[in-house]
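What follows draws every value from the coordinates through simple rules; no lab data is involved. Predicted model, so just to flag it, every value in this text is computed and none were measured.
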Amino acid sequence: MRLAVAAVLGASLAGGACGHPAPPPPAPAPAAASAGPSLYARLGGVNAIHAVVGDFLARVAADGRIRAFFRGVDLDSLQTKLTDQICQAAGGPCRYTGKDMREAHADMTITDADFDALIEDLAGALDHAGVGPNEERELLNTLGGLRREIVTGRR
Ligand code: HEM
């Protein structure tokens, strides 16, 4: 799966009157261009995200390709941190206060293959929860942009 950083920024602020005398009448506002519900809302809010992350971590812990990384890790605490991180990244009200991604994964020598396996497990959990393809793509693109900070190993 190819992942790229998605700049899902929605509509920017439309310019208002510029202050010059006798400005021309403003053009009609575009009909709510891309201002729809946030990705956070479309994912179903924090409880839905928390549940998906729980399923995701169960998949990771059972995934022979990467489970060794998670041996001895407090998965409940990781579930909370990941929920906050995803909630915030999706435009929700949470605040992620954990380590930055480079620091958190610095000594793990994670490879691209490890990263892909984890993203696959997340996609499986999102599919299982019935998350729509657009929402799944937006979230995976956003998280995929973290690859450069997390992957430090070579195959
Ligand atoms: C988009 C991909 C990823 C995201 C968003 C992510 C996010 C996180 C977050 C938020 C933490 C908690 C940091 C803290 O303690 O403050 C964490 C820890 C961890 N991550 Fe990742 N991670 C990603 C990819 C990976 C991959 C590919 C692996 C290994 C295959 C991995 C292995 C771990 C482990 C083992 C910990 C726990 C460290 C500990 O508590 O001792 N992560 N990750």
Practice problem: Would you kindly derive the ³J(HN,Hα) couplings of region 117-125 from the backbone phi angles with the Karplus curve 6.51 cos²θ - 1.76 cosθ + 1.60 (θ = phi - 60°), listing them in order in whole Hz, with x for Gly and Pro? | Solution: 4, 5, 5, 4, 5, 5, 4, x, 5
Quiz item: Residue by residue through region 72-85, which ³J(HN,Hα) values in whole Hz follow from phi under the Karplus form 6.51 cos²θ - 1.76 cosθ + 1.60 (θ = phi - 60°), with glycine and proline marked x?
Solution: x, 7, 6, 6, 5, 5, 5, 4, 5, 5, 5, 4, 4, 5
